[in-house]
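To start, the structure under review is shown below, and the notes come after it.
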Amino acid sequence: MSRRLIVQKYGGTSVGTIERIRKVAERIARTKREGVDVMVVVSAMAGETDKLLNMARQISESPNRREIDLLLSSGERISSALVTIALNAIGCPAVSLTGRQMGLLTDNTHTRARIKQIDGARARKFLQENHVVVVAGFQGINERGDVTTLGRGGSDTSAVALAVALNADSCEIYTDVDGVYTSDPNVVPDARKLDVVSYEEMMEMASLGAKVLQIRSVEFAKNFNMPLVVRSSYNDEPGTLICKEDSKMEQPVVSGVMYDKKQTKITVSGVPDQPGVAARIFGALAAAELSVDMIIQNVSAENHTDISFTLAAADAGEAAEIMRKVAPDLRATGVSCNSEIAKISIVGAGMRSHSGVAARMFNGLSRENINIMMISTSEIRISCVIEKKYAELATRVLHEEFGLSREAVRSDAKSRPVKSKPQPRRKAAGS
Ligand code: ASP
Ligand code: MG
């Protein structure tokens, strides 16, 4: 019978110093002693990828992507070799493999390549010989044999893909927090660590800015039903399990409240209400590869209307420029930008089976006199655009409204928690 195989991925802070690398090696060796095969995937040491990128940018404003890939891949090589050396130093047989040595083949899209195939033969052989295999994450090679990387945060995707390719029993993602939280603990002091989250919820959370996992890794895990565990490398807490939604399990209505202050709203006003206008606006944005988030078209008055959309603040300048170019053609009366906005979202698989969730969200916001500018929904998410200065306040209000705090859950574990106790209103931090 073949032994159990666990893939353990260690993020940048977990291998950020020699001391941390020693600690990580001890944890790996401990897992190995439990009679499990262990494959490790490492990120670059904390800050290393940014440091390398910075060096390239000091030399050139638009460095060649192929060269960036070779440059960045070195960060993960360093940490994989150091972790392996640390394992060997405590008597645990281990060997490091780069993306190439691992046989991780990708497409040709330098700096955000997609994995095409993994030839795990070499890794398998080492595992059979009782070695821990330490793989440099975030990298592969394309058909030409050139080094590619998988996009920022790509080691998560390496780890899940390797777990799938080698038919591992689970994939553990080690980081510097205890797991996935109901909200940002810096904004909501009583945010709670979640024990279980479904793949779908995690994908929504990741796309709303939860940095704990690269969204592609969750997509990958979902497609192959690979259980993921996010946990801390600083303690032995069990972390958060990300898995298939369990229909027998009673779902909380809302699992998380997220906010994003890096959004901008652009309004194209006074456009004729006729076929083809939206196609022109969003076609021009798509041609520039800008992805739009929310869209709203007002009711038309006298055959003219306003179209507003939001997108990442970083893309707003370019989008506004494009809109100013198409505006005359569309006979629009103006283009305006508002960066004083934030997107606030609630996510929860329980929304599928509960009605009135949106109303509760809007009620919560209205109690605090927070105006809603835009609304969008998916099956398990509702997002509202509000004024930026209320982002933190809104997050706390909704966290409380849906009973997500530690206290509320203890006193009411039902699917529709009631408000635990009235809390004094807090002022929004900053404005
Ligand atoms: N080192 C890469 C990054 O910082 C990949 C990773 O850490 O997952 O984006
Ligand atoms: Mg990461």
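The values are calculated or read from the model by the stated rules, or taken from the named source; none is laboratory data. Everything numeric in this text was worked out from a predicted model, so none of it was measured. As a convention, Cβ positions derive from the backbone with ideal geometry for all residues, glycine included, and neighbour counts pool all protein chains shown. These accessible areas exclude ligands, DNA and RNA; they are computed on the full protein's heavy atoms, side chains included. Shrake-Rupley method; radii C 1.70, N 1.55, O 1.52, S 1.80 Å.
Tell me the relative contact order for region 1-103 as a rounded percent, counting alpha carbon contacts under 8 Å between residues six or more apart. Mind showing how you got there, number by number?
Details: 116 pairs, mean separation 31.7, N = 103.
Dividing the mean separation by the residue count of region 1-103 yields 31 percent.
Output the 0 to 90 degree angle, nearest 10, between the alpha-carbon long axis of helix 65-89 and the longest principal axis computed from the alpha carbons of the chain.
Once rounded, the angle reads 50 degrees.
For region 91-149, what proportion of DSSP beta bridges, expressed in % and rounded to the nearest 5, is antiparallel?
Numbers: 6 of 11 bridges.
Beta bridges within region 91-149, antiparallel portion: roughly 55 percent.
With bins 10 Å wide starting at 0, give me the P(r) of region 126-208 over every alpha carbon pair, in whole percents.
Histogram of Cα-Cα distances, whole percents per bin: 13, 36, 31, 16, 4, 0.
Using a 1.4 angstrom probe and counting only protein chains, how large is the accessible area of Arg122 in Å², to 10?
120
If you count only protein heavy atoms and use a 1.4 Å probe, how large is the accessible surface of Leu213, to the nearest 10 Å²?
Number for this one is 10 Å².
Looking at the chain, what % of its DSSP beta bridges pair antiparallel, to the nearest 5? Mind showing how you got there, number by number?
On the way: 46 of 74 bridges.
That works out to approximately 60 percent antiparallel.
Report the label-to-label distance for Ser366 and Ile18 in nanometres (one decimal), using points 7 Å from each Cα along the Cα→Cβ vector.
6.3
Which whole-number percent gives the relative contact order of the chain, counting Cα pairs below 8 Å spaced six or more residues apart? Walk me through the numbers on the way to the answer.
Values: 914 pairs, mean separation 55.3, N = 431.
Value for the chain: 13 percent.
Where nothing but the Cβ of Lys and Arg (+1) and of Asp and Glu (-1) is charged, how large is the charge dipole of the chain around its Cα centre, in debye to the nearest 20?
Numbers: 56 positive and 51 negative charges, 149 e Å.
Charge dipole, the chain, about its Cα centre: 720 debye, nearest 20.
Once both labels are modelled 7 Å past Cα along the beta-carbon direction, what's the Lys262-Lys116 spacing in nm?
Roughly 3.1 nm, to one decimal.
Here is the link list: Lys265/Lys325; Lys23/Lys193; Lys125/Lys244. Which ones come out longer than 20 Å on Cα distance? Don't skip to the answer; put the middle values down first.
On the way: Lys265/Lys325 17 Å; Lys23/Lys193 24 Å; Lys125/Lys244 31 Å.
Result: Lys23/Lys193; Lys125/Lys244 exceed 20 Å.
For region 251-372, what is the charge dipole size about the Cα centre, in debye to the nearest 20, if Lys and Arg each add +1 at the Cβ and Asp and Glu each add -1 at the Cβ? Could the numbers behind the result be given before it?
Details: 11 positive and 12 negative charges, 70 e Å.
So the magnitude is around 340 debye.
Sort Tyr181, Tyr234 by accessible area with a 1.4 Å probe, largest first.
Sorted descending by solvent-accessible area, the residues read Tyr234, Tyr181.
Over the heavy atoms of Arg77, what accessible area does a 1.4 Å probe trace out, to the nearest 10 Å²?
The accessible area of Arg77 comes to roughly 90 Å².
Enter the angle in degrees (range 0 to 90, nearest 10) between the Cα long axis of helix 18-33 and the first principal axis of the Cα atoms of the chain, meaning the one along which they spread out most.
The answer is roughly 70 degrees.
Protein chains only, probe 1.4 Å: how do Phe138, Phe224, Phe126 rank by accessible area, largest first? Before the final figure, lay out the partial values.
Details: Phe138 10, Phe224 120, Phe126 40 Å².
Of Phe138, Phe224, Phe126, the descending order of accessible area is Phe224, Phe126, Phe138.
Can you compute 3J(HN,Hα) from phi for each residue in region 303-314, using the Karplus curve 6.51 cos²θ - 1.76 cosθ + 1.60 with θ = phi - 60°, rounded to whole Hz and x for Gly and Pro?
6, 10, 8, 10, 10, 10, 8, 10, 7, 4, 3, 4
For region 307-407, what does the relative contact order come out to in percent, with C-alpha contacts under 8 Å and a separation of six or more?
Values: 90 pairs, mean separation 28.4, N = 101.
Taking the mean separation of contacting Cα pairs over the length of region 307-407, I get 28 percent.
Any idea what the dipole of region 167-213 comes to, in debye rounded to 20, about its Cα centre with Lys/Arg Cβ at +1 and Asp/Glu Cβ at -1?
Numbers: 3 positive and 10 negative charges, 28 e Å.
About 140 debye.
Kirkwood hydrodynamic radius (Cα pairs, Å) of the chain?
Details: mean 1/r = 0.0423 Å⁻¹.
Taking every pair of different Cα atoms in the chain, averaging 1/r and inverting gives 23.6 Å.
By how many degrees, 0 to 90 and rounded to 10, does the Cα axis of helix 277-287 deviate from the longest principal axis of the chain?
30
Using the charge dipole of the chain (Lys, Arg: +1 at Cβ; Asp, Glu: -1 at Cβ; taken about the Cα centre), state which of Ile380, Ser170, Thr157 has its Cα farthest towards the positive end.
Ser170
For region 251-293, compute Rh as the Kirkwood radius over C-alpha pairs and then the Stokes-Einstein diffusion coefficient at 10 °C and 1.306 mPa s; write the answer in µm²/s, rounded to an integer. All intermediate terms of the calculation are to be shown ahead of the outcome.
Values: Rh = 13.7 Å.
Using the Kirkwood radius from Cα pairs, D works out to 116 µm²/s.
Once fully extended, how much extra length lies between Leu53 and Arg280, figured as 0.36 nm per residue of separation less the alpha-carbon to alpha-carbon distance? Each step should come with its number before you reach the end.
Values: separation 227, 0.36 × 227 = 81.72 nm, distance 3.62 nm.
Here the answer is 78.1 nm.
Over 24 Å, how big is the tail of the calculated P(r) for region 219-353, in percent of all Cα pairs?
Value for region 219-353 (Cα pairs over 24 Å): 51 percent.
Through the Karplus equation 6.51 cos²θ - 1.76 cosθ + 1.60, θ set to phi - 60°, convert the phi angles of region 251-258 into ³J(HN,Hα) values in whole Hz; use x for Gly and Pro.
Karplus-based 3J(HN,Hα) across region 251-258 equals 8, x, 4, 10, 9, x, 10, 10 Hz.
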